[in-house]
Every structure is written in structure tokens, then in C-alpha cells.
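The values are calculated or read from the model by the stated rules, or taken from the named source; none is laboratory data. Being a predicted model, the structure only gives us computed values, none of them experimental. Note: ideal-geometry Cβ built from the backbone for every residue, glycine included; neighbour counts use all protein chains shown.
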Amino acid sequence: MLIDTVKTTPFTDQRPGTSGLRKKVKVFQEPHYLENYIAGIFLTLGEKAVKGETLVLGGDGRYFNREAIQIIIKMALAYGFGRIMVAKDGILSTPATSCVIRKHKALGGIILSASHNPGGKDGDFGIKYNISNGGPAPEKITESIFAASKTITEYKIAHLPDFPLDEIETFVLESGQEVAVFDGISDYVELMEDLFDFNLLKQAIKAGLKLKYDALHAVTSPYAKRIFEIELGAPEGSVINADPLPDFGGGHPDPNLTYAKELVGIMNGKDAPDLGAASDGDGDRNMILGKNFFVSPSDSLAVITANYGVAKAYKDGLFGIARSMPTSLAVDKVAEKLGLNVYETPTGWKFFGNLMDADKVTICGEESFGTGSNHVREKDGIWAILFWLNILASTKKSVAEIVKDHWAKFGRNYYSRHDYEAVDTSVANTMMENLRKQLADLKGQIFGDYQVAFADDFSYTDPIDGSVSEHQGIRVIFTDGSRIVYRISGTGTVGATIRIYLEKYEPDINKQDLEVQSALQSLAQIALELSQISKLSGKEKPDIIV
Ligand code: VG1
Ligand code: CO
């Protein structure tokens, strides 16, 4: 095998964000841009360490997926991996990648995705490296990839023709190295069958439980078709928009009320099925809907935790729970009743990995439509939807009844996120700086009905390896438990996205039926006042309210 050594010059903007490196497709298409970053990953791992090891490779099928895969295969061979496992057609969801890395004892995996960001040639692309536990690389590794990408002067790539990816086949090279094109769906389906009682779900569907799943033209299409329609027997057409397209049909593959419009229409219509669900571009997010009813992701985490016993794999008990700091405290109420620890981590799934590896937590969640468990080391959209299906099948209640009963028992955490998009980065940083300066004086201050109990700039010390992550969001906590949290997104590709998270706890069952935004109105007002975001950004209103 001939290996080319290619001269290159470093880029200075390859710092990975909350979930790997994300940029416009056009940026990734610049000469050497992709190659430099991939070399950064392999150099960080070390050529000795990768020698003979297995690398898992796949993506969410977006524009540039196939081209990037060919380059990465050839580079992985040049840097000495023994076996590159590439998913057929390059299609591998994020949770399935995690599953395959663990099952096949790979050294790691590369996921090509920009998740819920739009695709197509003018859209976004992304790369994420996952380690041998199947989870996103921790900050220590991502920082060292970034450092490598800033000093790189050359990289290696095997001089070989492209590998066909449309058939399951293993190519053995003269060097003994292998490129194995594998079925990216089966291992994941098997894992789901281990976790949930498919017979129970099948019977419930046969008895009339109806579901509609919107794949949003993204990676979960073949997984959902196989699981919901073939394995569980839901009628054909239960999975919609089930053809993966490189531009996701022009939409945002983001499962929320704004972007999963078709599904929302169906669920608010008169023949709405019992459960409506959707996932994002790479299959790690989920949205849960009932008939005319939206389940906030934070509530979904709490309901799943409260009902853990219905699912086969969890009925013997849970280790503990973890949630990202901005996620509502609804799950904390449940954990308290169950006598479980709750770990509060910074935003991003990578912070859950150590806790799961050390058997400290079983179920994890984020407010951003992310829920999962220690069956893999990524959040998992289809897993969450199967869990809900299991809860519906076992309780025989509707989605709305399940959530309302939950609120009656544990109280309701009104919750919303207000996003200001494409804000000038320096404006966003100024806003955060101004907030930081006010922190010390906020304690005790009164705003209408609210009094500040405590305010800080969230810092996290990993209980397992002691690593410290600072500046993970500014939180203002009030004496009644209400909270305002401010963060700058780490996944955007245009300017800065400012996220303001609002939460108010309502234990009184008679006051739990308010519209969410009106329940949070005074808090939203306080959030504006403290941050002066409208004045600074020139935006009167948030661009997106979730
Ligand atoms: C967002 C979410 C975060 C999630 C991350 C990756 O990050 O807030 O909870 O883990 O996306 O999700 P940020 O930094 O933009 O707030 V996914 O589905 O990309 O990989
Ligand atoms: Co995603």
C-alpha cells in the first residue's frame, strides 16, 4: 500500500464545541480542512495506540458524508488501524455508533454529523470522535485534537481507489488491514430487543395502540422502519419521511414543535394516534407527543425515571440519574422519592460517560430533547420512544394522562428555552461578562414576587477523574426554586446563539394548567432585565422558543 505524505498548513478554527467540530459544508470542503482535523484525532490517539485497532465509521447521510468517509478510510489505513468498520452506505446513527464501538471492542469511532443542523451543500457538516466506551471524547482529548490541528504541517493518506459502500463486504489489503462494510442497523435492533419486551409492545400495537414516527428524512429512517413497522408490526406508513436525504428534504432535522411540523399537524388533528415521536439528523434526540399534547424533554426524563420498572432491562433498579445543569429539576423530585442520587453536569453528553462507566448513573437526560441510559454512551432517540411505548403499553393510559398524573404526584416544573440566534459573538460575550459582574450582588435582591437565593457561573468537577470544567452557564436561582440560566451554544455555525432557560416549580395541582409561556412570563421579564439582551443584540424577541 502506497502512502502519500501531504504537506499542509494548520487552521486555527478547529476547536470542537459541545458535540465535536461543526462548520459549514463549504468550510469542510476547503483543501486539507477535513484531513487536518482527522490527522489531529489520529495524532492525539498516537500511532502506536491505533496500530492494529478497530475504528468504527459512519454518519447521518448528509451532504459530503460519502466523500468524507472515503478520505477517512484511507487516512485511518495510513495511520495504521487494523480494521475500519464502515457502515453500509455510510449510514450509522449516533447511538448505533456507540453500540457498535462497544460491541465490537473498537478503539473508537468517527461520527460524521452536524446533528439537528440543516444539511445540503449550503448546510452544516460535523465530525465527532468517540472513545472506546462508545461515548464522545472528553474535553482532555478534544483539546488535544485542537492543539494538534494548530501545529500540523503534514498528514498521511493511503493511495487507494474508493471503497464501494453499498454491499456488505470485507476488503483485506496486502498489509493485512481490513475495511469491513457492515450492516449498521442490526446490532442496534438487537440491543433494543434486549432492553425492551418486544412481544409486549407488539401485542399492544396489535390491540390498537397507534404511533406515528417522523424520521425527518434523516438517519433513523431505516432503524425506525425496521423496529416499529417490521419488528413491532405497526402498519406501514407509521413511519413518515423515512427516506434519508443528503439535505433532509430542505428542512431542519430537529425534533421540536417548530421543525417537525407535519407530525405536529397529525398529532393535533382529529385522528391523532396515541403516540407521536421524532428524532434528529443523527438519531440521538427525541420528541414525544400525545394527542394534542407536547411532553417537554425535561418532563420526559422525569416520567421515564418514575416508570423505570416497566422496561425489562431496568426493572431491577437504577444506579442513579444525571442531567445537564439547564435541564429542569423535574427528575430531581422523582429521584428524591426513589432515593437516587442526581448528578448535575455541564451541557453535552460527554459529561455523562464517566458516571455511567463507574455505575453511578443509569438514566441521563438533557432539556434539548436528549434522553438515554447506560446501554450505550450517547443519547438515544429511538430508545426513548420505545420507553414511552412501553409505558403506554404497560399503564394503558394516554400520554397526557401519564404526564398529568406525574405532575399531580411530583409537582410541575414549567420550563422553556428562549434562543437568540446569530448574535454577534462579541455582543454575546459582553452580555455574559456583564452578568458575571453582577453575580456577587444578586443574592437577596427582589424582583416582583421573586427573590434571588443564589447566583453563580456554573463550574463542574468530574467526581470520577477530578477534571474541572468552568464557565458552563450562569444560573440565577430564586428562593422558590425557580431558575434562570444563560449559556452560549457550542454547536452553532453562525455567530453566537444565546440560550436563556426558564424554570418555575408549581406543586399546586390547581395551578398546573397554565400555558407555559404565561406561567414563565415574569421570569422571562427578569431574564431580559438582568441581561439587557434586547438592547445589546438589537433583537426584541427570541428567534426560537422551545
Ligand atoms: C446543544 C444542546 C446540548 C446537546 C448538544 C448536542 O448544545 O443544548 O444539550 O448535547 O446540542 O446535541 P449547545 O451547546 O448548542 O447548547 V446533538 O443532538 O448535537 O449532537
Ligand atoms: Co443529534
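Laid out as a table, the results:
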read-out: Some residue of the range 215-229 being free of Cβ contacts under 8 Å to residues at least 12 places away in the same chain and more than 26 Å from the chain's Cα centre (by Cα); value: no
read-out: Of the criteria (1) out of contact with any Asp or Glu (no Cβ under 7 Å at 6 or more places or on another chain); (2) in a strand (DSSP E or B), which one Gln203 fails; value: (2)
read-out: Filter pass, Leu21 being within 16 Å of ligand 2 (Cβ to nearest atom), at negative phi and in a strand (DSSP E or B); value: yes
read-out: Filtered residue count, the range 118-148, keeping only those that are assigned to a loop (DSSP other than H, G, I, E, B) and either among the hydrophobic types (A, V, I, L, M, F, W, C) or more than 16 Å from ligand 1 (Cβ to nearest atom) (or both); value: 7
read-out: Failed item, numbered, when Gly320 is tested on (1) more than 16 Å from ligand 1 (Cβ to nearest atom); (2) within 14 Å of the chain's Cα centre (by Cα); value: (2)
read-out: Any hit, the range 92-103, residues being crowded, with 22+ Cβ neighbours inside 10 Å and more than 22 Å from the chain's Cα centre (by Cα); value: no
read-out: Flag if Gln512 is assigned by TED's automatic domain parsing to the domain that holds Glu421, polar (S, T, N, Q) and at pLDDT 95 or above; value: no
read-out: Which numbered condition Ile41 misses (of (1) surrounded by fewer than 17 Cβ atoms within 10 Å (Cβ to Cβ); (2) hydrophobic (A, V, I, L, M, F, W, C); (3) within 16 Å of Leu112 (Cβ to Cβ)); value: (1)
read-out: Residues satisfying the stated conditions in the range 48-107, i.e. away from ligand 1 (no atom under 16 Å from the Cβ), of a type in the set (Lys, Arg) and in a loop (DSSP other than H, G, I, E, B); value: Lys51, Lys105
read-out: Wholly enclosed strands (runs of 3 or more DSSP E) of the range 282-349 bearing at least 1 residues within 16 Å of ligand 2 (Cβ to nearest atom); value: 287-290, 321-324
read-out: Subset of the range 148-162 [under 27 Å from the mean Cα position of the chain (by Cα) and either modelled with pLDDT of 95 or more or among the hydroxyl-bearing types (Ser, Thr, Tyr) (or both)]; value: Ser149
read-out: Only listed residue being modelled with pLDDT under 95, in a helix (DSSP H, G or I) and surrounded by fewer than 20 Cβ atoms within 10 Å (Cβ to Cβ), chosen from Ala422, Ala400, Ala440; value: Ala440
read-out: Hey, Leu289 under 21 Å from Val342 (Cβ atoms) and at pLDDT 95 or above or not; value: no
read-out: Any hit, the range 292-300, residues being away from ligand 1 (no atom under 16 Å from the Cβ) and among the aromatic types (Phe, Trp, Tyr); value: yes
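Let's see how each residue does on (1) within 16 Å of ligand 2 (Cβ to nearest atom); (2) touching a helix residue (DSSP H, G or I) at 6+ places or on another chain (Cβ under 9 Å); (3) of a type outside the set (D, E, K, R):
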{"position": "Thr8", "(1), (2), (3)": "no, yes, yes"}
{"position": "Arg15", "(1), (2), (3)": "no, yes, no"}
{"position": "Phe28", "(1), (2), (3)": "no, yes, yes"}
{"position": "Tyr33", "(1), (2), (3)": "no, yes, yes"}
{"position": "Tyr37", "(1), (2), (3)": "no, yes, yes"}
{"position": "Gly40", "(1), (2), (3)": "no, yes, yes"}
{"position": "Gly46", "(1), (2), (3)": "no, no, yes"}
{"position": "Val50", "(1), (2), (3)": "no, yes, yes"}
{"position": "Leu55", "(1), (2), (3)": "no, yes, yes"}
